[in-house]
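Colleague: If you scroll down you'll find the structure; I have some questions about it.
We did not get these values from a lab; they are worked out from the coordinates using the rules stated. Keep in mind that what you see is a predicted model, and the values were worked out from it rather than measured. Virtual Cβ from ideal backbone geometry, glycine too; neighbours counted across all protein chains shown.
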Amino acid sequence: MSNPNILSERYATHKMNEIFSAEGNVRRERGLWIAVMKAQKDLGINIPSGDIEKYEKAIDDIDLKRIEEIEFETRHDVKARIQSYVETAGAGEYIHMGMTSKDLTDNIDMAKNKDASEIIRGKYIAILSNFLGKSEEYNDIILAARTHHQPAQLTLLGKRFSMWAEELYEHLNDFDDFVNTYPLRGMKGAVGTQSDMIKLLGSKEKAEELDKRIAKELGFANIMESVPQVYPRSLDKKMIAYLSLMGDACRNFAIGIRLMSGYDLVTEGFKEGQVGSSAMPHKMNTRSSERIYGFANLLKMYDDGASRISGDVWEEGDVSDSVVRRVIIPDAFYVSDGLCETTLTVLN
C-alpha cells in the first residue's frame, strides 16, 4: 500500500503535476537519450538511423510496472529505465553511451526545475499585476493604519496593496535573473571530467559540441564548465529560497486580509451555499488566506531542508541528498503552484 502526495493531488495544477510525474520524468529522460544519440551520430558515432527511429516511436510507450520489476532485480533505477526502453523500442542499446547516471538524472532535474520555475514566474507576474491593479482601484479608501496592531495614523487600502506589490517585485526581479541564467550541468561524466564522452567521440571539442547541442535541446543558454558528478546543491537552495521569499510577499498579503476581515473591513467573498462553520454557517472565514499562510510556512520548511544539502557534496558526489531532493523540490513547486492559484483566487 502507498499513499498519494496530498500537495500534488489537492493543490497543484495539471501542468505542474505533469512536470514531476513518473511518466513525465521517464519521457523527458527518453527525449534526452534521443537527443544525445542524434548528436553522437552527427559527431561520428555509428548509430543506425533505424534504431533512433525505433526509440522515437517508443518514447510514449511507458510501462512503469516493468521498470519497477527491473529495478527490483538490478537495484538501480537508471539501469531499469534503460533496459525497459531498449525492450520497448526493440532496438540496439545505443542509448546512454558515454553517459553516467547523473548525466541523465541531474540534467533532467535541472530541466524540470527550469520549466517549473518559468510556470511559477508567470503566476507571480500575474499576482504582481493584480496587486498593482488593486492598489489603484482602492487608492481612495481610507482606513486606520496599525503598528503593533494598535491604531496609528490614517492610510489607504491601496497603499497596503502597493506595499505587498513592492515586496513581491523585489524578489520577483531576483527570481527572474535566476531563471534566465540558470545553467545546465551538461554531459560531464562520472567525476565531471568528460573523459568517457571524450574517449567515445574522439576529442574534447566534440564533447563540448555535444554539451552545446543538449543545452539547446533542453532550453538552456548557459552550461556549467567545472562541476563534479553532481551539480552544486546550493543551486537548489537558491531556487527554493526565491520561491519562499516570493511566497512571503503573499503571506504578508494573506495576514493583511485575515486581520482586516476580523474588523469587517474586507472579505474574500462568500458564495451562495458556502458555510463558514458546521455550528455557525454564517461565519465568513478567510479560509483561502489561511491556506496561503500555511503554504508560505511550508516553503520556509523546504528552504530549511535545502540548506541541509547545500554545501554538502562529498568530493565528486554521493547520493545522501537524493531522498531530501525527491521530497523538497517537487513539493516546493506544488506548494508554490497552490499558493499562487489561491492568491489569484482571493485577488479575483
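Colleague: Using a 7 Å offset from the Cα along the Cα-to-Cβ direction at both ARG66 and LYS238, what is the distance between the two label points in nm, to one decimal?
Modeller: 4.0 nm
Colleague: Given the Cα-Cα distance of LYS41 and SER307 and 0.36 nm per residue of separation, how much length would full extension add, in nm?
Modeller: Additional length available on full extension: 91.7 nm.
Colleague: Let me ask another. Go through LYS204/LYS238; LYS38/LYS204; LYS54/LYS204; LYS114/LYS206; LYS41/LYS212 and tell me which ones have a Cα-Cα distance over 20 Å in this structure.
Modeller: Exceeds cut-off: LYS204/LYS238; LYS54/LYS204; LYS114/LYS206.
Colleague: May I pose another question? Project the alpha carbons of the stretch 103-161 onto their principal axes and report the range along each, largest first, in whole Å.
Modeller: 59, 27, 7
Colleague: Report the semi-axes of the equivalent ellipsoid for the stretch 191-348 in whole Å, largest first, where each axis is √(5λ) for an eigenvalue λ of the Cα gyration tensor.
Modeller: 47, 16, 12
Colleague: Taking amide H positions as placed in the peptide plane 1.01 Å from N, state which residues far from ARG146 in sequence (5 or more) or on other chains have amide H under 5 Å from it.
Modeller: Long-range HN contacts for ARG146: ALA152.
Colleague: So how much slack lies between ASN139 and TRP314, counting 0.36 nm per residue of separation and subtracting their Cα-Cα distance, in nm?
Modeller: 57.5 nm is the gain from fully extending ASN139 to TRP314.
Colleague: What percent do you get for the relative contact order of the stretch 175-229 when only Cα pairs under 8 Å and 6+ apart count?
Modeller: RCO, the stretch 175-229: 49 percent.
Colleague: Here is a further query. Given the -39500 (n - 2.57) contribution per DSSP H run of 4+ residues, what per-residue ellipticity at 222 nm results for the chain, rounded to the nearest 500 deg cm²/dmol?
Modeller: Using -39500 (n - 2.57) per qualifying helix, the result is -22000 deg cm²/dmol.
Colleague: Helix hunt in the chain: which complete DSSP H runs extend at least 24 Å axially by C-alpha with mean Kyte-Doolittle at least 0.5?
Modeller: 322-347
Colleague: Figure the gain on full extension for GLU225 and ASN180 (residue separation times 0.36 nm, minus the Cα-Cα span) and round it to one decimal in nm.
Modeller: 14.5 nm
Colleague: Then there is this: Output the peptides 156-169, 47-60 sorted from most to least packed, where packing is the average of other Cβ atoms within 10 Å over each peptide's residues.
Modeller: 156-169, 47-60
Colleague: log₁₀ I(q)/I(0) of the stretch 12-169 at q = 0.09, 0.20 Å⁻¹, via Debye over equal Cα point scatterers, no solvent, to two decimals?
Modeller: Per q value, in the given order, log10 I(q)/I(0) is -0.51, -1.23.
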